[in-house]
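Here the structure is laid out as structure tokens; the discussion comes afterwards.
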Amino acid sequence: MNVVMLIGNLATEVDLRSLDGDKQVANFVLAVDRPGKDEADFFRVAVWDRQAEICARYLVKGKRIALDGRLRSRSWEEDGKRRSAVEVVANRVQFLSPPTATPRQRSRSRPPPRSP
């Protein structure tokens, strides 16, 4: 059985890309603390379709999330060398940090009125 459940904080901003017209993928790195140690493990995460859009809209670096999904191994050739990576493909992402304005929402908001 290939099941992964993680709770951690985003270590990078979310990178949203469109593929084949209507498919979308969001990629980010999740930092997961090691219990009892001042260390963390870092996992590459891919989220697909509608959930990818939601992650890109509301998540920013540092936000805490829980996810469940599966591990996926992939390989490719780069500069004549065979490369490989293991990433988490998230089935479900749950936001654990309190909601705040996203950068897009902040840029559209008006400054507070000045007092006389």
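Odds and ends about this structure:
- Within the straight-line cut-off of under 17 Å between alpha carbons, none of the lysines are reachable from K63, sequence neighbours fewer than 8 places apart in one chain being disregarded.
- If you plug the beta carbon distance of M5 and K81 into 1/(1 + (r/R0)^6) with R0 = 35 Å, you get a FRET efficiency near 0.60.
- Span from the the range 81-95 Cα centroid across to the the range 1-52 one, whole angstrom: 7
- A crude spin-label estimate for the pair E13 and S73, with each label 7 Å from Cα along the Cβ direction, gives 3.4 nm.
- Ordered by the count of other Cβ atoms within 10 Å of each Cβ, fewest first, K61, K37 give K37, K61.
- Each Lys and Arg adds +1 at its Cβ and each Asp and Glu adds -1 at its Cβ; summed about the Cα centre, the range 4-108 shows a dipole of about 260 debye.
- Reachable lysines from K61, criterion Cα separation under 19 angstrom, eight or more residues apart if same chain: none
Readers should treat all values here as calculations from the given coordinates under stated rules, not as data from a laboratory. Small disclaimer: the values here were computed from a predicted structure and weren't measured. Virtual Cβ from ideal backbone geometry, glycine too; neighbours counted across all protein chains shown.
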